[in-house]
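In what follows, a structure is listed as structure tokens, so that the remarks can point back to it.
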Amino acid sequence: MIRTRAFLLSFVFFAFSFDIVFGQTTSSATNCVLKSNTTCEECLKNVSCLWCISSQKCIEYPVKSILPSHSVCPLSEARWGVCWLNFQTLIITISVIAGVIIIAIFVCCFCCCKCENIGSKRSDERMERQGHLRKFRQEERKAEMRQRHEEMRMKYGLEKDNPYSRFENS
């Protein structure tokens, strides 16, 4: 159930990201170029635009290469999405968050597997205790039967010194 939810959330996230990156039309390239020499806020109103602080240019985000090359704009100078966060910090932050999420998923899976094993150990211990209890009761019943048989032998005079000797009718 948890794995299904995690898969569904990741699928929605990637579908949304794919739609944002590839959903813009070719007219956005001209919009980005037109917004050069303006402000960062004006440029980044269009999601497909990338603002370079050093050159004060608004360029179309290079979708074919996931990260913009250094010749287009250095990562520390590039802004995408928000003006106050450089692209390099954005990439590092997203990577750290993704790593933490992946580690959390592995820890949860490990804990769930461990909890299942603990549950089976508990049931094994319970079954073992019940087995010992049954064995103890059975031994008690055997002892009672032996005692009753001895009492019957004594009552009817069938006592003998050697329990392995044959009974003889006198």
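Annotations
- Look at segment 76-103: where a residue is touching a residue at least 40 places away in the same chain (Cβ under 8 Å) and a partner is in a helix (DSSP H, G or I), sitting 6+ places away or on another chain with Cβ atoms under 9 Å, you get CYS83/CYS40; CYS83/GLU41; CYS83/CYS43.
- Just one of (1) exposed (fewer than 11 other Cβ atoms within 10 Å of the Cβ); (2) modelled with pLDDT of 85 or more fails for SER27. It is (2).
- Condition met for VAL100 (part of a helix (DSSP H, G or I), among the β-branched types (Val, Ile, Thr), modelled with pLDDT under 90 and not assigned by TED's automatic domain parsing to the domain that holds ASN46): no
- Within segment 62-80, the set of residues being farther than 17 Å from THR38 by Cβ and surrounded by 15 or more Cβ atoms within 10 Å (Cβ to Cβ) comprises PRO68, VAL72, PRO74, LEU75.
The values are calculated or read from the model by the stated rules, or taken from the named source; none is laboratory data. Source: prediction; values computed, not measured. In this analysis, Cβ positions are derived from the backbone assuming ideal geometry, glycine residues included, and neighbour counts consider all displayed protein chains.
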